C-alpha cells in the first residue's frame, strides 16, 4: 500500500476493512477523474473513509455510507484527523441518499465468492454470496439513478466476481461502462482458504496464486 499511504494517513479500528490493493487501485482511478467545481461525491461502503477523505481533499462535498457501526466511527475519525468535511451516515448501501444525485460515486463493495451462509461481523466487508455479486448487483441496479447527467460510477472488484456481468448490467441501465484499470495481486488469506472450492467452480486454476482486480468506470452520458 505504499502508493496509497502517501495519499492519506488512516486509522483502522478493529473489525473494519483496512485499505488494501483494491482501495489503492480505486484511489488511483479517483485521482485521475476530473471533478466539476463543488462536485458532489458519494462513497458507498466507505470502510475507513479512505476514498471519502481523498475526494474531500479535492474540494468535493462528500457523503459516505456504511452499514457497519465500527466503519462509520472509523470514517468519522479519519475525516476529523484529516480535517476534511465528510458526512458519514450509517445505512444500507444507497438507501440513506435516496432521491439525491451525485457527480461521482465510488464503491469498493464486498465481492469475494463465499460457499457459506450470509456473512456476519467483519466478514460482511468481503463475503458476497455464492457468486460474489450479492452487493455488486445492487450497486448496478441502484447507483445509475443517483448519477447526474455526466455523472460517473467508479467500482472495484475481483474478476472472480464477473466483470462482464457488471459491464452488462451497467450498460443495460443506460450507462457507458468500461474497464479502466487491472491489477494482478497475490491471493489473500480468505481466497487461499477457499482455494479448493473456487477451483471446483472453475474460478481458480489448481496452481493459481493470483487474482485480478478491475476498476469499472460507468458514465451517465445523458
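Every read-out reported here was derived from the displayed coordinates using simple, explicitly stated rules and does not represent laboratory data. This structure is a prediction, so every number in the text was calculated from the model and none was measured. Methodologically, a virtual Cβ is constructed for each residue, glycine included, from the backbone with ideal geometry; neighbour enumeration extends over all protein chains shown.
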| note | Across 5 Å bins beginning at 0, the whole-percent shares of Cα-Cα pair distances in the stretch 144-222 come to 3, 15, 22, 17, 14, 11, 9, 6, 2, 0
| said: With only alpha-carbon pairs counted, each pair once and no self-pairs, how large is the Kirkwood hydrodynamic radius of the stretch 50-117 in angstroms? | reply: 13.0
| task | Place the peptides 139-149, 89-99 in order of packing, highest mean first, counting for every residue the other Cβ atoms within 10 Å and averaging per peptide. | result | 139-149, 89-99
| request: Taking every pair of Cα atoms in the stretch 1-98, average 1/r, invert it to obtain the Kirkwood radius, and report Rg/Rh to two decimals. | output: 0.93
| field | Pairwise Cα inverse-distance average, inverted: Kirkwood Rh of the stretch 2-220 (Å) | value | 17.3
| message | Using only the alpha-carbon atoms, how far is helix 163-172 inclined from the longest principal axis of the chain? Give it as 0 to 90 degrees, nearest 10. | response | 40
| remark: Checked the stretch 67-180 with the C-alpha gyration tensor, a ≥ b ≥ c its square-rooted eigenvalues, rounded below a/c of 1.5, otherwise prolate if a/b is larger than b/c and oblate if not; verdict oblate
| task | For helix 21-32, report the angle its Cα long axis makes with the longest principal axis of the Cα atoms of the chain; keep it between 0 and 90° and round to the nearest 10°. | result | 40
| note | Cα-based Rg then Dmax for the stretch 113-177, in Å, read 12.9, 40
| query | When only Cα pairs under 8 Å and 6 or more residues apart are kept, what is the percent relative contact order across the chain? | reply | 18
| query | If you line up the long axis of helix 69-82 against the longest principal axis of the chain, both from Cα atoms, how many degrees apart are they, to the nearest 10? | reply | 50
| task | Take every DSSP beta bridge with both residues inside the stretch 2-220 and express the antiparallel ones as a percent of the total, to the nearest 5. | result | 45
| the stretch 95-135: radius of gyration and largest Cα-Cα distance (Dmax), Å | 12.8, 37
| request: Pick out which of 28, 150, 121 has the largest mean-square fluctuation in a Gaussian network model of the chain, springs linking Cα atoms closer than 10 Å. | output: 121
